[in-house]
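The values are calculated or read from the model by the stated rules, or taken from the named source; none is laboratory data. No experiment lies behind these values; they were computed from the predicted model shown. Cβ placement follows ideal geometry from the backbone for every residue including glycine, while neighbour counts extend to all protein chains displayed.
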């Protein structure tokens with residue numbers, strides 16, 4: 001009897017532990033925003049594992065950059081393929097690019113093909129000229145396809161930026177990783193699949209197993225979540241602190257806030273509410289926010305001049321962003337992401353952005 005009770009207790013404990021573990025995983029995935037702010041462990045499948053499936057076809061592409069449809073069709077044959085789903089104003093995507101471009105340089109002649117699947121979050125990211133500028137900025141030489149209608153995104157059943165899938169030379173999806181991080185793990189998978197390819201094709205395998213050595217961005221454990229200005233994007237994660245709230249497709253006069261709460265933003269002045277952004281409809285306006293992070297980025301569009309203040313003072317050498325000039329100003333010229341706070345350690349404070357430029361659009365704040 002005692003033996004049976006002991007067995008049942010052990011089995012019950014295993015079941016409970018499994019349920020808790022799976023619950024943690026699924027809660028973590030549910031909590032991941034569209035622009036994943038952390039990193040997750042990748043999933044690798046051996047060739048004989050059940051559930052393995054073929055990589056879907058790349059479909060619905062409006063523009064091919066660094067390649068043509070015909071060239072891509074030829075290149076993909078018998079290659080280990082890393083599919084990188086990204087968008088150029090996503091800070092989490094941008095942080096992965098030095099690793100991806102290094103892998104391309106290191107392994108492209110050994111049978112690795114990297115395909116950047118550019119699936120846009122915002123309207124301005126659908127412009128091929130903007131994406132081409134980003135390709136040149138980040139020195140991307142591998143093929144990039146513009147998935148403006150998100151058809152390839154859907155074919156992969158994807159929900160996140162960035163996301164990496166790796167298929168072996170026979171087209172089987174063998175690896176899946178969401179977000180930043182796990183770079184050494186991912187590179188080891190690339191090496192393993194290239195070795196499998198070489199053996200199957202009767203080729204000599206590479207002996208250089210040294211991994212790419214690039215410093216990885218370290219996230220702070222507690223930081224402000226991503227803040228969206230568009231009323232549609234902010235659904236179920238509304239961080240607009242102003243009493244006036246979101247008013248879809250209307251021009252709203254937002255008043256100076258009497259109190260500022262942590263992790264909320266406060267536009268001041270006349271702003272038109274759009275589904276994915278707010279647009280300043282007069283020449284002057286501002287934004288206030290109380291945040292906690294070591295890095296603050298803003299995604300913007302349309303020409304404007306911004307003055308940045310932290311707790312009422314200009315930024316110092318210890319926290320000035322990479323895109324801020326020495327006089328504490330940010331000149332917005334091209335649509336995309338701009339870094340405004342860059343600190344070695346986490347800081348908290350009141351950020352004030354004074355804006356000069358009618359038509360300036362704010363899409364989102366991201367933090368690190």
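Tally up the residues in the range 262-284 that are in a strand (DSSP E or B) and on the phi > 0 side of the Ramachandran plot, please.
The total comes to 1.
Inside the range 155-201, can you point out the residues that are without any contact (Cβ under 8 Å) to a residue 60 or more places away in the chain and under 15 Å from residue 116 (Cα atoms)?
Residues satisfying the conditions do not exist here.
Of the conditions (1) within 26 Å of residue 187 (Cβ to Cβ); (2) in contact with a helix residue (DSSP H, G or I) (Cβ under 7 Å, 6 or more places away or on another chain), residue 130 satisfies every one except a single condition; which number is it?
That leaves (1) as the condition not met.
Suppose the filter is out of contact with any strand residue (DSSP E or B) (no Cβ under 6 Å at 6 or more places or on another chain), in a loop (DSSP other than H, G, I, E, B) and modelled with pLDDT of 95 or more; does residue 67 pass it?
Yes: the conditions hold for residue 67.
Check whether at least one residue in the range 299-308 is crowded, with 21+ Cβ neighbours inside 10 Å, without any contact (Cβ under 8 Å) to a residue 40 or more places away in the chain and either within 28 Å of residue 247 (Cα to Cα) or over 19 Å from the mean Cα position of the chain (by Cα) (or both), and report yes or no.
Within the range 299-308, not a single residue is crowded, with 21+ Cβ neighbours inside 10 Å, without any contact (Cβ under 8 Å) to a residue 40 or more places away in the chain and either within 28 Å of residue 247 (Cα to Cα) or over 19 Å from the mean Cα position of the chain (by Cα) (or both).
Looking only at residues that are under 17 Å from residue 288 (Cα atoms) and without any contact (Cβ under 8 Å) to a residue 12 or more places away in the chain in the range 217-270, which one is nearest to the chain's Cα centre (by Cα)?
238
Scan the range 245-270 for residues that are surrounded by 15 or more Cβ atoms within 10 Å (Cβ to Cβ) and more than 18 Å from residue 355 (Cα to Cα) and report the count.
Total meeting the criteria: 4.
Has the range 30-40 got any residue that is at pLDDT below 55, exposed (fewer than 10 other Cβ atoms within 10 Å of the Cβ) and assigned to a helix (DSSP H, G or I)?
yes
Collect the residues in the range 99-127 that are closer than 22 Å to residue 68 by Cβ and either in contact with a helix residue (DSSP H, G or I) (Cβ under 9 Å, 6 or more places away or on another chain) or buried (at least 22 other Cβ atoms within 10 Å of the Cβ) (or both), keeping them in residue-number order.
100, 111, 112, 113, 114, 115, 116, 117, 118, 119, 120, 125 - these are the residues of the range 99-127 that are closer than 22 Å to residue 68 by Cβ and either in contact with a helix residue (DSSP H, G or I) (Cβ under 9 Å, 6 or more places away or on another chain) or buried (at least 22 other Cβ atoms within 10 Å of the Cβ) (or both).
I'm trying to understand the selection: among the residues of the range 134-156, which are within 11 Å of residue 65 (Cβ to Cβ), touching a strand residue (DSSP E or B) at 6+ places or on another chain (Cβ under 8 Å) and not in a loop (DSSP other than H, G, I, E, B)?
134, 135, 144, 145, 146
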